[in-house]
1. What residue, among those in the range 84-122 that are in contact with a helix residue (DSSP H, G or I) (Cβ under 9 Å, 6 or more places away or on another chain) and under 23 Å from Lys5 (Cα atoms), is most open to solvent (accessible area, probe 1.4 Å)?
2. Hey, among the residues in the range 23-48 that are touching a Phe, Trp or Tyr at 6+ places or on another chain (Cβ under 9 Å) and closer than 21 Å to Glu115 by Cα, which one's least open to solvent (accessible area, probe 1.4 Å)?
3. Scan (1) in a helix (DSSP H, G or I); (2) open to solvent by less than 30 Å² (accessible area, probe 1.4 Å) for the single condition Phe12 breaks and write down its number.
4. Could you identify the single residue in Glu92, Glu115 that is part of a helix (DSSP H, G or I) and among the acidic types (Asp, Glu)?
5. When you scan the range 58-79, do you find a residue that is within 23 Å of Val114 (Cα to Cα), touching a helix residue (DSSP H, G or I) at 6+ places or on another chain (Cβ under 7 Å) and either open to solvent by 40 Å² or more (accessible area, probe 1.4 Å) or in a loop (DSSP other than H, G, I, E, B) (or both), even just one?
Amino acid sequence: KTRNKGAAFELFCEAYQLQPSEVLFFFDDVLDLEVARLCGARIMIGRTSNVMLRQVVKNSGYADYITKNDGRYHGVREGAELSIGLLGQFEEVVNNRMVFSENYQDYLADRKMVEIVHTEAK
């Protein structure tokens with residue numbers, strides 16, 4: 001909910017010692033375009049209500065993929081599965097989750113330990 005997502009993105013990269021090119025960014029609106037322009041990989045969550053914005057994004061090259069589904073109908077999952085697949089890990093992830101493997105249990109434990117911190121950009 002920051003007004004200047006570009007500045008917030010800079011803080012994010014500094015905090016986690018990342019280069020913008022190392023970040024995969026999911027987005028869905030015009031306020032997100034500054035970050036999308038800077039990231040290494042960009043997935044736009046498609047919406048039927050933003051036909052003109054989708055065209056601007058396509059023409060400008062601000063998205064590497066635009067989901068068929070919107071946020072209410074699993075657009076984020078569509079993008080996440082695509083990302084995992086492009087890393088060559090989709091089948092492994094599915095198999096680990098299917099049998100509730102030790103690896104998957106470790107992931108769940110690690111996920112619970114993540115502290116979410118909100119930082120206000122200036």
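1. If we take residues in the range 84-122 being in contact with a helix residue (DSSP H, G or I) (Cβ under 9 Å, 6 or more places away or on another chain) and under 23 Å from Lys5 (Cα atoms), then Lys122 is most open to solvent (accessible area, probe 1.4 Å).
2. By that ranking, first place goes to Val23.
3. In the conditions (1) in a helix (DSSP H, G or I); (2) open to solvent by less than 30 Å² (accessible area, probe 1.4 Å), Phe12 misses (2) alone.
4. Glu92
5. In the first step, residues of the range 58-79 are kept if they are within 23 Å of Val114 (Cα to Cα); the result is 76-77, 79.
Still in the list and also touching a helix residue (DSSP H, G or I) at 6+ places or on another chain (Cβ under 7 Å): none.
No, the conditions are met nowhere in the range 58-79.
The values are calculated or read from the model by the stated rules, or taken from the named source; none is laboratory data. As the structure is a computational prediction, the values presented were derived from the model and not from experiment. Here the Cβ is made from the backbone with ideal geometry for all residues, glycine too, and neighbour counts use every protein chain on show. These accessible areas exclude ligands, DNA and RNA; they are computed on the full protein's heavy atoms, side chains included. Shrake-Rupley method; radii C 1.70, N 1.55, O 1.52, S 1.80 Å.
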